[in-house]
Amino acid sequence: MFKSILSAAALAVFFTIPATQTVAAVAKPPATFQGQWWTHPLGCEYSRAGRPGETMWFLIVNTRKKGCPAYIAGKTWGNIYREEGSKM
């Protein structure tokens, strides 16, 4: 019985997370995007950076909102970055 209560509680938590939080975890600019700036679905803005052949998106600090990562890694050399930086 205790297990079923925990399972029910876990399902309740899963279905009550706002959609914006789940969008923040997977939102990235398309690989074919060529612009200098990209706006995240939560409203945070990012600027493209990186060495030749790399694509990194760094958060423009004065646009940060809760749930937006500090950076988004696109194509990088050696995969030295995680896919996303810490959320703010």
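The values are calculated or read from the model by the stated rules, or taken from the named source; none is laboratory data. These figures come from a predicted structure and were not determined experimentally. No Cβ is skipped: glycine too gets one built from the backbone with ideal geometry, and neighbour counts run over all protein chains shown. Note: accessible area is taken over every heavy atom of the protein model, side chains too, but ligands, DNA and RNA are not part of it. Shrake-Rupley method; radii C 1.70, N 1.55, O 1.52, S 1.80 Å.
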- Hey, Lys65 charged (D, E, K, R) and touching a Cys at 6+ places or on another chain (Cβ under 8 Å) or not: yes
- Subset of region 34-64, residues modelled with pLDDT under 90, surrounded by 13 or more Cβ atoms within 10 Å (Cβ to Cβ) and out of contact with any strand residue (DSSP E or B) (no Cβ under 8 Å at 6 or more places or on another chain), comes to Glu54, Arg64
- Query: Out of the residues in region 72-88 that are among the hydroxyl-bearing types (Ser, Thr, Tyr) and open to solvent by 40 Å² or more (accessible area, probe 1.4 Å), which is nearest to the chain's Cα centre (by Cα)?
  - Reply: Ser86
- Message: Checking the structure you have, find out if any residue of region 1-23 is modelled with pLDDT of 80 or more and surrounded by 10 or more Cβ atoms within 10 Å (Cβ to Cβ).
- Response: no
